[in-house]
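**Student:** Pasting a structure below so you can have a look.
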Amino acid sequence: MFTVVIPIYNKAHTIERTLKSVINQTFTHFEIIIIDDGSTDSSLEKINKFTHDTRIKIIIQENQGVSVARNVGVEKAKYEYIAFLDGDDKWELNYLQTMHKAIKLYPNCGMFCCAGYFKNDLTKKTSLRLVEKYKEKITEINYFENPHVFSHTSATIVKKADFNIAGGFPKGMKKNEDYALFFSIAIIKTVIYCGFPLSYYYGNVKGQSTTINRTNSYKSNLDVCKRMNLTYKLWNTLGRKNK
């Protein structure tokens with residue numbers, strides 16, 4: 001049913017928490033593909049503790065960036081639905097069960113998003129990422145109404161076919177590569193939102209790429225522009241049908 005794609009780069013300090021949240025899911029029909037993107041720490045040693053679970057597959061490659069790592073994971077996926085999860089985030093144990101319910105209700109949709117929490121690893125404070133009017137609902141949405149609240153990479157599932165149509169994650173981007181993909185899929189297909197906070201995004205984690213990017217705002221702004229341009233180009237190509 002699900003292929004869980006987890007890219008990692010030097011996540012020895014967080015990957016066990018991430019993997020435990022997947023392995024212990026109440027919905028068990030899934031595989032896990034971990035793409036080690038050239039880690040230089042003990043990430044692989046930590047992962048090997050879990051390899052008794054035959055659902056886990058490990059791909060090791062030279063460092064090529066998170067977009068390439070995720071794209072490789074999707075390419076190797078054997079299931080139709082791709083659940084993305086970063087190596088420093090985690091899920092509530094009924095995350096896949098709830099998303100499976102959403103897919104059964106709306107089988108023709110291309111992307112499924114879920115509410116969640118933001119946990120600051122420095123301050124230890126937690127905040128809620130939820131669109132209040134959709135609380136405890138599973139429903140179709142206009143994704144572009146509030147995309148930055150509707151979706152986060154570790155709380156988004158896509159159909160593999162629509163992922164391929166959208167062109168996957170753009171290579172070379174260190175910021176907004178996730179929104180470049182999600183915006184593109186939202187132009188192509190209807191998006192479903194699950195108003196249940198079942199994912200955890202950890203911010204300000206040691207070695208996190210978004211933290212590193214703050215030191216290079218010029219390059220980050222270029223990536224935002226690239227995301228906008230990619231989305232606009234696709235919208236034009238499809239005849240501006242999505243108003």
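The values are calculated or read from the model by the stated rules, or taken from the named source; none is laboratory data. Predicted model only: the values in this text are computed from it and were never measured. So basically every Cβ, Gly included, is an ideal-geometry build from the backbone, and we count neighbours across all protein chains shown. With ligands, DNA and RNA removed, areas are computed over all heavy atoms of the protein, side chains included. Shrake-Rupley method; radii C 1.70, N 1.55, O 1.52, S 1.80 Å.
**Student:** Would you kindly derive the ³J(HN,Hα) couplings of segment 74-84 from the backbone phi angles with the Karplus curve 6.51 cos²θ - 1.76 cosθ + 1.60 (θ = phi - 60°), listing them in order in whole Hz, with x for Gly and Pro?
**Tutor:** Running phi through 6.51 cos²θ - 1.76 cosθ + 1.60 with θ = phi - 60° gives 5, 4, 8, 5, 9, 9, 6, 9, 9, 9, 8 Hz.
**Student:** Determine the per residue accessible area of the chain with all protein chains present and a 1.4 angstrom probe, expressed in square angstrom.
**Tutor:** Details: 11580 Å² over 243 residues.
Averaged over the residues of the chain, the accessible area is 48 Å².
**Student:** Just to confirm the filter: which GluC sites (Glu not before Pro) across segment 81-144 are DSSP coil and have at most 11 other Cβ within 10 angstrom of their Cβ?
**Tutor:** Details: sites: GLU92, GLU132, GLU136, GLU140; in loops: GLU92, GLU136.
Answer by residue number: GLU136.
**Student:** What is the list of residues in segment 82-100 whose amide nitrogen lies under 20 Å from a point 7 angstrom out from the Cα of THR51, following Cα to Cβ?
**Tutor:** Residues passing the 20 Å test: 87.
**Student:** On to the next question. Would you pull out the residues with amide H under 5 Å of VAL4's amide H, same chain only if 5 or more places away, H placed 1.01 Å from N?
**Tutor:** So VAL4 has HN proximity to GLU31, ILE32, ILE33, ALA83.
**Student:** Among VAL22, VAL205, VAL66, determine the one that fluctuates most according to a GNM of the chain built with springs between C-alpha atoms less than 10 Å apart.
**Tutor:** With Cα springs under 10 Å in the chain, the top fluctuation among VAL22, VAL205, VAL66 is at VAL205.
**Student:** In whole percent, how big is the carbon plus sulfur part of the accessible area of the chain, probe 1.4 Å, protein atoms only? Provide the component values of the computation, followed by the final result.
**Tutor:** Numbers: 6100 of 11580 Å².
Within the chain, the accessible surface is 53 percent carbon and sulfur.
**Student:** Out of the trypsin sites (Lys or Arg not before Pro) in segment 1-106, which ones are loop residues according to DSSP with at most 13 other C-beta atoms within 10 Å? Could you put the intermediate results ahead of the total?
**Tutor:** On the way: sites: LYS11, ARG17, LYS20, LYS46, LYS49, ARG55, LYS57, ARG70, LYS76, LYS78, LYS90, LYS101, LYS104; in loops: LYS11, ARG55, LYS78.
Sites meeting the loop and neighbour criteria: LYS78.
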